[in-house]
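First comes the structure, then the notes that go with it.
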Amino acid sequence: MNAIAVDGHADTPQRLLFESGFDLGARHGNGNVDVPRMREGGLDALFFSIWVPSSLTGPPAVKRALVLIDEVREAVRMHARDLVLATTAADIRRAAAERKIAALMGMEGGHMIDDDLRLLRGFAALGVRYLTLTHFLNNNWADSSTDKPAHDGLTAFGRDVIRELNRLGMMVDVSHVSDKTFYDAIGVTAAPVIASHSSCRAISNHPRNMTDDMLRSLAKNGGVIMITYAVDFLSEEYRQAVAAERGDIVAQFSAMEKKCGGDEACVTLTMDRVNHELMDSGKWPRVGWEKIVEHIDHAAKVAGVDHVGLGSDFDGATMPIGMEDASRLSRIIDVFSRRDTLNRTSPRFSAATSFA
């Protein structure tokens, strides 16, 4: 299969910021992403997530976002033999030709623009190429899938954000948004949208996932759903079992944030370790990497193969058994490479081309 393997979402910048001495170029025994494991898994391009918890707002959120962007840019500078900062689809293709990994940035949560389109333009100038409209909580102009609706989707300013993203050549990311926000965004945008890390609600009934109707609307728009590997969104059995004991994913993150004292890397690394221990012990349902393929197959059946990609949520969620890190990506590639050889109808996992 002749393709460029692109991952639409990883939270590794949190490790760059919070873990003293963390070196993206060295192999690590924890977490999911580093250069050696990306190369081993055949990952050609990765969107590093500029994520600030939606509970942190205003100037502190803006400052944290700027620091995270600087961390990514510095990591690329320090590892220029392996990485190249990419801001266009052409950059991704050029990096692949040079056998380098393309490092891109997406911003996860519209609260980081602090209700100011000038800040959005500034983030674009620094290389950010998509904006996830919300995170776990609503912001002042868009409703989240995991919060009580406050705006009935997008406000007038929220629609202005969509138009400015289009003008800037930044992709509109509809992961995390409420269903109404999704349809509002589809109605306003003049460019294809992405869901940078979402899966299929028909398989796991979580509001963070997309319904079949949403998948069809996404395909009509020309957009792409990037299937996430996060176990909460892959397996309905797992989601229900964990929610019954610990609440939904928002409650789980909130509880762990308190234990970790604001260290966001600690939150996901600890949750991943603890959740795997509970799966291994049999206390919680085991979720294998094959569930990723199940979601890809479903999305391809409903939306079409040209509208399906990968958005792992590496270093930001609990991974399924057998997909513990980026080195295991080759398992997914191999599955669809074999199918592609047989029938030429497999997802291509090629670079998104909706940004300038």
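The values are calculated or read from the model by the stated rules, or taken from the named source; none is laboratory data. Only a predicted model underlies this, so the values are computations on that prediction, with no experimental measurement involved. Because the Cβ atoms are built from the backbone with ideal geometry, glycine has one as well, and the counts that use them run over all protein chains shown. Remember, those area values only see protein heavy atoms, side chains included, never the ligands or the DNA or RNA. Shrake-Rupley method; radii C 1.70, N 1.55, O 1.52, S 1.80 Å.
Of the accessible area of the chain, with the probe set at 1.4 angstrom, what percent is carbon plus sulfur?
49
Kindly report the accessible area of the stretch 83-127 per residue (heavy atoms of protein chains, probe 1.4 Å, no ligands, DNA or RNA), in Å².
With all protein chains present, the stretch 83-127 gives 39 Å² per residue.
Please give the peptides 181-190, 21-30 ranked by average Cβ packing (other Cβ atoms within 10 Å per residue), highest first, as a rough proxy for protection.
Descending packing order for the listed peptides: 181-190, 21-30.
I'd like to check one number: the per residue accessible area of the stretch 139-226, probe 1.4 Å, reported in Å² as a whole number. Can you show the working numbers first?
On the way: 3050 Å² over 88 residues.
So the stretch 139-226 comes to 35 Å² accessible per residue, rounded to a whole number.
Taking the mean number of other Cβ atoms within 10 Å as a proxy for protection, how do you rank 205-215, 99-109 from highest to lowest?
Working: 205-215: 20.5, 99-109: 23.7.
So the peptides 205-215, 99-109, ranked by packing, come out 99-109, 205-215.
Let me see the P(r) profile for the stretch 52-171: every Cα-Cα distance counted, bins of 5 Å, each bin given as a percent of all pairs.
Histogram of Cα-Cα distances, whole percents per bin: 2, 12, 20, 21, 18, 12, 9, 5, 2, 0.
Please work through the chain and write down the cysteines that have no neighbouring cysteine Cβ at a distance under 4.7 Å.
So, Cys200.
Could you tell me the distance between the Cα centroids of the stretch 223-300 and the stretch 140-213, to the nearest Å?
Between the Cα centre of the stretch 223-300 and that of the stretch 140-213, the gap is 22 Å.
What ³J(HN,Hα) values, in whole Hz, does the Karplus curve 6.51 cos²θ - 1.76 cosθ + 1.60 give for the stretch 137-147 when θ = phi - 60°, with x put for Gly and Pro?
10, 4, 10, 6, 9, 7, 8, 9, 6, 10, 9
Lys180 versus Lys301, label points 7 Å from Cα toward the beta carbon: distance in nm?
For the pair Lys180/Lys301, the computed spacing is 3.2 nm.
Tell me the label only: which of [x] 33, 27, 17; [y] 38, 28, 18; [z] 25, 24, 23 is semi-axes √(5λ) of the Cα gyration tensor in Å as calculated from this structure?
Structure-derived value, by its label: [z].
Once you put a point 7 Å from the Cα of Arg99 and another 7 Å from the Cα of Glu74, both along the Cβ direction, what distance in nm separates them?
Reported label-point gap for Arg99 and Glu74 is 3.0 nm.
Taking a probe of 1.4 Å, how large is the accessible area per residue of the stretch 6-77, in Å²? Intermediate values should be presented prior to the final figure.
On the way: 2560 Å² over 72 residues.
Ligands and nucleic acids excluded, the figure is 36 Å² per residue.
Compute the distribution of all C-alpha to C-alpha distances in the stretch 89-149, in bins of 5 Å from 0, and list the percent of pairs in each, rounded to whole numbers.
Taking every Cα pair in the stretch 89-149, the percentages come to 4, 18, 20, 17, 14, 11, 9, 6, 2, 0.
List the residues of the stretch 42-72 whose backbone N lies under 13 Å from a point placed 7 Å from the Cα of Phe157 along the Cα-to-Cβ direction.
Flagged as within label range: 58-59.
Between Ala255 and Ala241, what is the spin-label point distance in nm, taking each point 7 Å from the Cα along the Cα→C-beta axis?
Between Ala255 and Ala241, the simple spin-label model gives 1.6 nm.
Work through the residues other than Thr270 whose Cβ is under 14 Å from its Cβ and net out their charges, Lys, Arg +1 and Asp, Glu -1.
-3
What's the local net charge at Met214, with K and R +1, D and E -1, over the other residues with C-beta under 12 Å away?
On the way: positive: Lys180, Arg201, Arg208, Arg216, Lys220; negative: Asp179, Asp212, Asp213.
Result for the local shell: +2.
Compute the length gained on full extension between Lys63 and Asp212: take 0.36 nm times their separation in residues and subtract their Cα-Cα distance, giving the result in nm to one decimal.
Contour length minus the Cα-Cα distance gives 49.9 nm.
Among residues other than Glu257 whose Cβ falls under 10 Å from its Cβ, what is the net charge (Lys/Arg +1, Asp/Glu -1)?
Residues close to Glu257 contribute a combined charge of 0.
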